[in-house]
Amino acid sequence: MLISTSRKPSPKTRKFCKNFAHATGSTYINRGKMNMRQLLVRSIEEDEENVCVVFEIKGNPSKITFYSNKGEVLLIILVTVSLTNERLHILPKDLTVISKVKKLDIFSKIFGFELVDKDNENYILITSGKDDFLATMEFYNKFGEKSEFKINIRKVLDE
C-alpha cells in the first residue's frame with residue numbers, strides 16, 4: 001500500500017504516516033503538489049495495489065481514505081490516533097489481522113494480510129471500541145507486545 005497525506009501536512013500527521021507505513025510494510029511518500037491521479041500513477045510505479053491518504057483537522061490525523069490503484073474508494077474512516085517514538089519491532093511480512101468487528105474485516109484485504117482468529121506475534125488486533133469509538137486498531141510486535149501506536153476508529157463513512 002502507498003501511504004501519503006493531504007497537502008501541507010502537520011509534523012504529527014507525517015509522523016503518523018511514517019509509523020503506519022512502517023507497521024504495515026507500506027511505502028510512504030511525501031505528497032508535495034501531487035494530485036490524486038499522480039498519486040495513483042505513483043502507486044502503480046511503486047508496485048502497490050492500494051493507496052491510503054491521511055487527512056487532518058487542526059494538525060491531527062482525522063480521516064483516512066483507502067483507494068484501489070484504479071481510484072475506487074475502498075473505505076473511509078474517521079479516526080483519532082496514538083503515536084509513539086519507540087521502535088515498533090513489527091515484521092510486516094509476517095503480519096496478520098485479527099478482527100472482532102465484522103464490518104472492519106476488509107482491512108485484511110486492503111493491507112493484503114491474512115485474516116486469522118488468533119495469533120501470538122506480529123498482528124493487528126481490531127476490537128470493539130470504548131466510549132465513542134466504533135473500534136480500536138492495535139499493533140502487536142514480533143515479541144507479542146502491544147505497541148503504543150494505536151488507531152481509534154470513530155466512524156466508517158459511506159461514500
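The values are calculated or read from the model by the stated rules, or taken from the named source; none is laboratory data. This is a predicted model, so every value here is computed, not measured. A quick note on method: Cβ atoms are made from the backbone with ideal geometry, for glycine too, and the neighbour counts reach across all protein chains shown. Surface areas here come from the heavy atoms of the whole protein model, side chains and all, with no ligands, DNA or RNA. Shrake-Rupley method; radii C 1.70, N 1.55, O 1.52, S 1.80 Å.
Just to be sure before I move on: is residue 43 more than 17 Å from residue 156 (Cβ to Cβ) and surrounded by fewer than 19 Cβ atoms within 10 Å (Cβ to Cβ) in the structure I sent? Judged against the criteria, residue 43 is not a match. Filtered by the rule that a residue be of a type in the set (S, T, N, Q) and not in a strand (DSSP E or B), segment 137-151 gives a lone residue, 141. Listed by first and then second residue, the pairs with beta-carbon distance under 6 Å, at least 6 apart or on different chains, first residue in segment 104-119 and within 20 Å of residue 142 (Cβ to Cβ), second open to solvent by 60 Å² or more (accessible area, probe 1.4 Å), are 108/115. Reported count of residues in segment 20-40, each being assigned to a loop (DSSP other than H, G, I, E, B), open to solvent by 40 Å² or more (accessible area, probe 1.4 Å) and over 25 Å from residue 150 (Cβ atoms), is 3. Taking the criterion of being closer than 23 Å to residue 94 by Cα and of a type in the set (Asp, Glu), the residues of segment 11-47 that qualify are 46, 47. Of the residues making up segment 77-104, those that are under 15 Å from the mean Cα position of the chain (by Cα), more than 25 Å from residue 57 (Cβ to Cβ) and open to solvent by 30 Å² or more (accessible area, probe 1.4 Å) number 1. Find all pairs meeting these conditions: Cβ atoms under 9 angstrom apart; at least six residues apart or on different chains; first residue within segment 74-92 and small (Gly, Ala, Ser); second residue loosely packed, with under 14 Cβ neighbours inside 10 Å. These pairs meet every condition: 82/148.
Of the residues making up segment 80-131, just one is acidic (Asp, Glu) and part of a strand (DSSP E or B), namely 114. From the list 52, 17, the lone residue that is crowded, with 21+ Cβ neighbours inside 10 Å and assigned to a strand (DSSP E or B) is 52.
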